[in-house]
Structure formats: C-alpha cells, structure tokens
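The values are calculated or read from the model by the stated rules, or taken from the named source; none is laboratory data. Predicted model, so just to flag it, every value in this text is computed and none were measured. So basically every Cβ, Gly included, is an ideal-geometry build from the backbone, and we count neighbours across all protein chains shown. Surface accessibility is based on the protein's heavy atoms, side chains included, excluding ligands, DNA and RNA. Shrake-Rupley method; radii C 1.70, N 1.55, O 1.52, S 1.80 Å.
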Amino acid sequence: PTHWENAGLPNYDGVVWFRKSVEVPAELAGTRGTLSLGPIDDMDVAWVNGRRVGGYEAPGAHNTPRNYTLTVGVLKPGKNLIAVRVMDHGWPGGIFGKPNQLTIRFGKKSVPLAGPWKYHTGADLATLKSNVV
C-alpha cells in the first residue's frame with residue numbers, strides 16, 4: 001500500500017482500478033468475514049467476486065480505514081477476485097495504509113492482501129472536468 005504518486009503515477013488525479021486475486025481456504029470461504037483495506041484517498045467502491053461489498057463515495061473520508069462486511073456466500077473456496085475503484089480529486093491518491101491493514105479477517109484468522117496489486121487508470125480528473133457542459 002502506498003499513494004500512487006509514489007508508485008508510478010505522479011501528479012495523477014482521477015480514477016484508478018485495483019485488482020487482486022487471493023486464495024481463501026475452504027474452511028474460511030463459507031463464513032462471514034471482513035475486507036479491510038486501510039485508508040483510501042479519497043473515495044472508493046469495493047467488489048469481491050463481482051459483488052459490491054462497500055464504499056465511500058463522498059469526499060472527506062480519505063483517512064478512514066475501510067472495513068467491509070463479507071456476508072456468507074461472497075467468498076468461495078480457492079481463488080477470489082477483489083476489485084477496488086479509487087477516485088482521487090487532488091493531492092495524493094490511492095490505498096495507502098500499513099501492510100497489516102490490508103486483509104480479509106475471519107475472527108482470529110486472516111488472509112493477507114498486502115503486496116502487488118494490478119491496476120489500470122480510468123478517467124483522469126482533467127478530462128472529466130473538460131467534459132462538463
């Protein structure tokens with residue numbers, strides 16, 4: 001986790017999509033869990049296996065750690081896909097907490113999410129502003 005300005009996107013404001021595949025043991029997949037992503041600068045929406053699990057879509061929560069409840073049935077045994085759309089409207093942006101904040105928690109057990117994530121830029125803020133009528 002780091003601000004994307006420190007990871008190859010200097011001076012970028014707008015949308016970045018993040019994606020990570022994670023293996024979930026069968027004994028945990030059928031239970032309730034919590035997707036924890038740490039703080040995200042500025043706004044986000046998170047999906048697990050194509051199901052929306054949470055998000056902050058209004059400015060002002062850039063230091064709020066994200067913790068989204070995963071109901072029974074969201075996770076499956078084996079490979080699971082997490083996708084997060086992050087929108088930054090100025091200054092640093094991204095998923096920037098501490099590595100131990102990125103996890104799927106199941107009570108005392110957890111699956112770590114820190115480390116490399118795939119990402120793809122979406123609409124940049126300058127383009128979005130120029131298309132306002």
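Data table
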| read-out | value |
| --- | --- |
| Residue within the stretch 56-79 that is out of contact with any Gly (no Cβ under 9 Å at 6 or more places or on another chain), assigned to a strand (DSSP E or B) and open to solvent by less than 30 Å² (accessible area, probe 1.4 Å) present | yes |
| Restricting the stretch 82-99 to residues that are open to solvent by 70 Å² or more (accessible area, probe 1.4 Å) and of a type outside the set (D, E, K, R), the residue that is nearest to the chain's Cα centre (by Cα) | 99 |
| Among (1) within 24 Å of residue 123 (Cα to Cα); (2) open to solvent by less than 10 Å² (accessible area, probe 1.4 Å), the one test that residue 102 misses | (1) |
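Each row is one residue, and each column tells you yes or no for (1) of a type outside the set (Ser, Thr, Tyr); (2) part of a loop (DSSP other than H, G, I, E, B); (3) at pLDDT 95 or above; (4) in contact with a strand residue (DSSP E or B) (Cβ under 7 Å, 6 or more places away or on another chain).
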site: 5; (1), (2), (3), (4): yes, no, no, no
site: 8; (1), (2), (3), (4): yes, yes, no, no
site: 15; (1), (2), (3), (4): yes, no, yes, yes
site: 18; (1), (2), (3), (4): yes, no, yes, yes
site: 23; (1), (2), (3), (4): yes, no, yes, yes
site: 27; (1), (2), (3), (4): yes, no, no, no
site: 34; (1), (2), (3), (4): no, no, yes, yes
site: 38; (1), (2), (3), (4): yes, no, yes, yes
site: 47; (1), (2), (3), (4): yes, no, yes, yes
